[in-house]
Number of protein chains: 2
Amino acid sequence: MNEFDIIAKYFAPLSKHNPGALGLKDDAAIITPHPFYQMAITKDVITENVHFLPGDKPADIARKLVRVNLSDLAAMGATPLYYFLACIFPRTISEAWIKEFSAALATENKEFQITLMGGDTTTQDGPFTFSLTAIGEVPEGMVLRRSGAKASDNIYVSGTIGDAALGLKVLEGKLPGLAKEHQDYLVQRYHIPTPRLTLGKGLRLYAHSAIDISDGLIQDAGHIASGSLVKMAINDASIPLSPAAKAALKLDPSLRKLIVSGGDDYELLFTIPKKRTTAIEALGNSLNLPLTHIGTVKRGKGVTLLSADEEPIELEVAGYDHFR
Amino acid sequence: MNEFDIIAKYFAPLSKHNPGALGLKDDAAIITPHPFYQMAITKDVITENVHFLPGDKPADIARKLVRVNLSDLAAMGATPLYYFLACIFPRTISEAWIKEFSAALATENKEFQITLMGGDTTTQDGPFTFSLTAIGEVPEGMVLRRSGAKASDNIYVSGTIGDAALGLKVLEGKLPGLAKEHQDYLVQRYHIPTPRLTLGKGLRLYAHSAIDISDGLIQDAGHIASGSLVKMAINDASIPLSPAAKAALKLDPSLRKLIVSGGDDYELLFTIPKKRTTAIEALGNSLNLPLTHIGTVKRGKGVTLLSADEEPIELEVAGYDHFR
């Protein structure tokens, strides 16, 4: 099959719900913006050996690719609509691989009501590399930012923290003593993040700041701190852990560091004025998603992790750095 | 330097003219669309060994990356505004390389009045790979398409054809007999395409169809043919050649095939109703850009290349296929 056959057979069907995609046959896609909405646009790369492992299933890679980008839109309070996809395949790519990959994208299209609008497909002598551009919309002036946190805001996080980093440890064979069900849970959290889109939309009215946790809790809290010129004081004991993460920690208490610094959780970290506490509790209940109060915004800068007796815990680690 | 330092030092300055880029510090960029405009969005990848050569200058790569994408917007009649950039560097990347690359992007920003709005930067064990998403705008309903060509339209092409493919031959040392000035001209055409943006805008009112020539004249004519359900009849002798291409052809007449099939020219190929001939001539004159009438749209399908005595010339070659 040549490049155009592959696009026609496997990618064009992913664009069929939007005439502006022009069947992926033209030089660009045409998008007609909705009046009184702004567009939130993000572009994330995932590459073999860095963001996923050699031999990972095409479907898992497709889902991770879509979801890490949608997670960025969730953190802005945006509703996803469109995406553009660049696939850089190794020269040894098989049609079966592409078939499975595109079938998973079709499922993501349905799940998140998004449409493929364009992109590029090429091959090279190198690892699998994907770049996705995701486009969403937010009512004018309602966008969530990293830069709005205010001293005395409460700091919240959705879901549980550290699962994805522990899942990677499981895949690397470094948590052999952990029960099979816990291993499976952590691996699945690593492979298939859940973008907190409905939460992001719900936060538009209440949050002073928001970010998705892709680089690790501490590092991403640091991004809010530097963006908002505040200090983020996080209570270590309040950080919500899954039963699987608790079990792993029981086996090896030194994993605590990994939990606060490991990336790829794709939960939302956000700050809320204290008077909105009831609204946030109601939002969490309505979404059936734990929203945990883990600390307080203070005057100052940086991130402090506090022990149960409010002593600062030394932080030696930041998050993942691609240039390290 | 870590990833965040590199973004802050070299990429964030490229975003400074648009507050919606949020200093490249947030999860996504915010774009506020202009009322009564549609957005044209394209995403092209360029990768070492395929679209540029190992050791090519960072500045040349930056310019090619920007311009191949802007060429797609030109073919839609769009005015470029924003871009998102994913850089996948080899692990051996140096800061000097990134400095030179970003300096060239700054020049492109000025030249085309565009702003970097976001993206991603990572490293891998593999070749240099870049993905750029370019966003432009077109007044509602004015977009140029591949699919509007009508039988009896005249077929035009801008500039000269085949220079980039010949430039690559020069770089491969395969045109040693050619005069130095001609070699330099062809190489420069290969390295630094000129997106025909002003032409694209001018064509909004007149053209029935348009495409940019990235895959080769014959193959891209084929895209108009299949998109518009017509036949593209092109007169071989009318195809405009630069003095350098003519000189190369004199040395080796077999290069004729390369000229009609080689990619990377990034000229516009478009079809115009006959009654617009005067308007198109005036447009070419006002832009000081040769617009050459190279054939006629007919009923039927596919592309026919005609000799001076109107006999079809056998075409053995198509354009570049990444999966071949």
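Of note:
- Cα gyration tensor, region A:9-51 - rounded (a/c under 1.5), prolate or oblate: oblate
- Prolate/oblate/rounded call for region B:1-101, Cα gyration tensor, a/c under 1.5 rounded: oblate
- Dipole of the protein assembly as shown, positive direction: furthest Cα of A:L70, B:T304, B:V45, with charges on the beta-carbon: A:L70
- FRET efficiency, 1/(1 + (r/R0)^6) with R0 60 Å, evaluated for A:E281 and B:D184 via beta carbons: 0.30
- Sequence-distant residues sharing a close amide H with A:Q124 (under 5 Å, placed H): A:F89, A:R91
- Remark: label point of B:D5 defined 7 Å out from Cα along the Cα-Cβ vector; separations to the same position in other copies 5.0 nm, ascending.
- Here the calculated FRET efficiency for A:H17 and A:K57, from their Cβ-Cβ distance with R0 = 25 Å, stands at 0.45, rounded to the nearest 0.05.
- In nm, spacing of pseudo-spin labels at A:N49 and A:D125 (7 Å Cα→C-beta vector): 1.5 nm
- For the chain pair B and A, the interface hides roughly 5200 square angstrom of accessible area in total, found with a 1.4 Å probe.
- Residue-wise HN-Hα coupling along region B:194-209, computed from phi with Karplus coefficients 6.51, -1.76, 1.60 (Hz; x: Gly, Pro): 10, x, 8, 5, 5, 4, x, 5, x, 7, 3, 7, 10, 7, 7, 7
- Restricting region A:221-311 to GluC sites (Glu not before Pro) that sit in a DSSP loop and have at most 14 other Cβ atoms within 10 Å of their own Cβ leaves A:E310.
- Members of A:K231/A:K257; A:K25/B:K64; A:K150/B:K16; A:K9/B:K201; A:K43/B:K9 lying beyond 27 Å, as alpha-carbon distances in this model show: A:K9/B:K201
- Once backbone amide H atoms are built at 1.01 Å from N, B:H208 has B:T271, B:I272 as its partners under 5 Å, excluding neighbours fewer than 5 places away on the same chain.
- Positive-end ranking of B:L205, B:P13, B:T129 along the dipole of chain B, with charges on Cβ about the Cα centre, is headed by B:L205.
- Among beta bridges identified by DSSP and lying wholly in the protein assembly as shown, the antiparallel ones come to about 75 percent.
- Across the identical copies, the label point of A:A103 (7 Å from Cα in the Cβ direction) is separated from its matches by 5.2 nm, in order from shortest.
- Whole-Hz Karplus values for region A:30-44 come out as 10, 10, 9, x, 7, x, 6, 10, 9, 9, 9, 10, 9, 9, 10 Hz, taken residue by residue from phi with 6.51 cos²θ - 1.76 cosθ + 1.60 and θ = phi - 60°; glycine and proline positions read x.
- If the segment from A:I192 to A:A237 were pulled out straight at 0.36 nm per residue, it would be longer than the present Cα-Cα gap by 13.6 nm.
- Reach of A:K180 by Cα under 16 Å, taken over lysines that are not fewer than 8 positions away in the same chain: A:K169, A:K246, A:K250
- Karplus-based coupling profile of region B:51-59, in residue order and whole Hz: 9, 8, 9, x, x, 4, 5, x, 5, with θ = phi - 60° in 6.51 cos²θ - 1.76 cosθ + 1.60 and x standing for Gly or Pro.
- Chain A: C-alpha gyration tensor shape, a/c 1.5 cut-off, then a/b vs b/c: oblate
- Per-atom-type breakdown for the protein assembly as shown gives carbon and sulfur 52% of the accessible area (1.4 Å probe, protein chains only).
- Between copies, the label points at A:N288 (set 7 angstrom from Cα along Cα-to-Cβ) are spaced 6.8 nm, reported in nanometres from shortest to longest.
- Applying 1/(1 + (r/R0)^6) with r as the Cβ-Cβ distance of A:K246 and B:Q113 and R0 = 51 angstrom yields a FRET efficiency of 0.40.
- Structure-based [θ]222 nm, chain A - -39500 (n - 2.57) summed over DSSP H runs of at least 4, per residue, nearest 500: -10000 deg cm²/dmol
- Bridgeable aspartates and glutamates around B:K57 (alpha carbons under 12 Å apart, same-chain partners fewer than 8 residues away excluded): B:E48, B:E100.
The values are calculated or read from the model by the stated rules, or taken from the named source; none is laboratory data. None of the values given here were measured: they were computed from a predicted structure. Backbone-built Cβ (ideal geometry, glycine too); neighbour counts: all protein chains shown. For the accessible areas, the whole protein counts, side chains as well, though only heavy atoms, and no ligand, DNA or RNA atoms are used. Shrake-Rupley method; radii C 1.70, N 1.55, O 1.52, S 1.80 Å.
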